[in-house]
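Q: Sharing a structure below in structure tokens format, with a few things to ask.
The values are calculated or read from the model by the stated rules, or taken from the named source; none is laboratory data. All values derive from a computational prediction rather than experimental measurement. Cβ atoms come from the backbone with ideal geometry, glycine included; neighbour counts cover every protein chain shown. Calculation scope for accessible area: heavy atoms of the full protein, side chains included, ligands and nucleic acids excluded. Shrake-Rupley method; radii C 1.70, N 1.55, O 1.52, S 1.80 Å.
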Amino acid sequence: MSKAFTKEDSDAPEPKSVRRGIPVPAPNYVTADGLDALRAEHARLAATAPRDAAADARLHELADHLATAELPPPIQDPQRVGFGATVTLDSDARYTLVGALEADPKQHAISWQSPIARALDDAAVGDRIALPRGEVTVVAIAYARSR
């Protein structure tokens, strides 16, 4: 059909697109606790009907992440910072390195791909680390359960 015979509504607002959320990283590491929480949230949302656009977008985001989620390889050296570590610094800051969808700065959980996590990666207690707010010293490293 010719464009001349179609109605164009230039006054109509453009439909809002639903943002797909956090891109799926590769590899898509998650902690064991995080994987359990993401699966539970996905099951809860999947059982909810009807869903609004935001809940539907979150359901799809969770499905995308869960499809490729993987637990990282076992910790080789628990005395060094790696995925899943909770790191305490001399500045009284504390960070836990987690997967992309698990990140929650209010709970001190940061993505393992964030600049701070990358700066802390492979550090040991006593190491000085340069962060955006200045140099800090690692004072403790702890790991949660693993599978």
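Q: Which of the trypsin sites (Lys or Arg not before Pro) across the range 66-145 are loop residues per DSSP, with 13 or fewer other Cβ within 10 Å?
A: Listed in order of number, the matching sites are 133, 145.
Q: May I ask you to derive the FRET efficiency for residue 92 and residue 26 from their Cβ-Cβ distance with R0 = 25 Å, giving the value to the nearest 0.05?
A: The pair residue 92/residue 26 has a calculated efficiency of 0.15.
Q: Taking 22 Å as R0, compute the FRET efficiency from the Cβ-Cβ separation of residue 44 and residue 67 and round it to 0.05.
A: 0.80
Q: With +1 assigned to the C-beta of every Lys and Arg and -1 to the C-beta of every Asp and Glu, and no other charges, what is the dipole magnitude of the range 89-147 about the Cα centre in debye, to the nearest 20?
A: The dipole of the range 89-147 has a size of about 180 debye.
Q: Given a Förster distance of 25 angstrom, what is the FRET efficiency for residue 131 paired with residue 104, based on the Cβ-Cβ distance and rounded to 0.05?
A: The computed FRET efficiency comes out at 0.85.
Q: Using only protein heavy atoms and a 1.4 Å probe, report how much of residue 24 is accessible, in Å² to the nearest 10.
A: 60
Q: Okay, next question. How large is the Kirkwood hydrodynamic radius of the range 22-92, in angstrom, based on all distinct alpha carbon pairs?
A: Across the range 22-92, the inverse of the average 1/r is 14.2 Å.
Q: Turning to a different aspect of this structure: Towards the positive end of the charge dipole of the range 17-110, with charges on Cβ (+1 Lys, Arg; -1 Asp, Glu), say which of 107, 83, 25 has the farthest Cα.
A: Farthest towards the positive pole: 25.
Q: Hey, another quick one. Can you tell me, using C-alpha contacts under 8 Å and at least 6 residues apart, the relative contact order of the range 58-102 as a whole percent? Let's see the in-between values first.
A: Numbers: 21 pairs, mean separation 11.5, N = 45.
Averaging sequence separation for qualifying contacts and normalising by length gives 26 percent for the range 58-102.
Q: Suppose we keep just the DSSP beta bridges with both residues in the range 18-147; what percent of those would be antiparallel, to 5? Intermediate results must be reported in sequence, preceding the final value.
A: On the way: 14 of 19 bridges.
Close to 75 percent.
Q: In addition: Can you tell me the length gained on complete extension of the stretch residue 139 to residue 114, counting 0.36 nm per residue apart and subtracting the Cα distance?
A: 7.0 nm
Q: Next up: In whole percent, what relative contact order does the range 22-94 give with Cα contacts below 8 Å and a gap of six or more residues?
A: Once divided by the residue count of the range 22-94, the mean separation gives 40 percent.
Q: So if I take the centroid of the Cα atoms in the range 41-55 and the same for the range 69-147, what is the distance between those two points in Å?
A: Between the Cα centre of the range 41-55 and that of the range 69-147, the gap is 32 Å.
Q: In debye, nearest 20, what is the charge dipole magnitude of the range 44-147 about its Cα centre with +1 on Lys and Arg Cβ and -1 on Asp and Glu Cβ, if you could check?
A: On the way: 11 positive and 14 negative charges, 44 e Å.
It works out to roughly 220 debye.
Q: Given Cβ point charges of +1 (Lys, Arg) and -1 (Asp, Glu) and nothing else, what value in debye, to the nearest 20, does the dipole of the range 70-112 about its Cα centre take?
A: My answer is approximately 20 debye.
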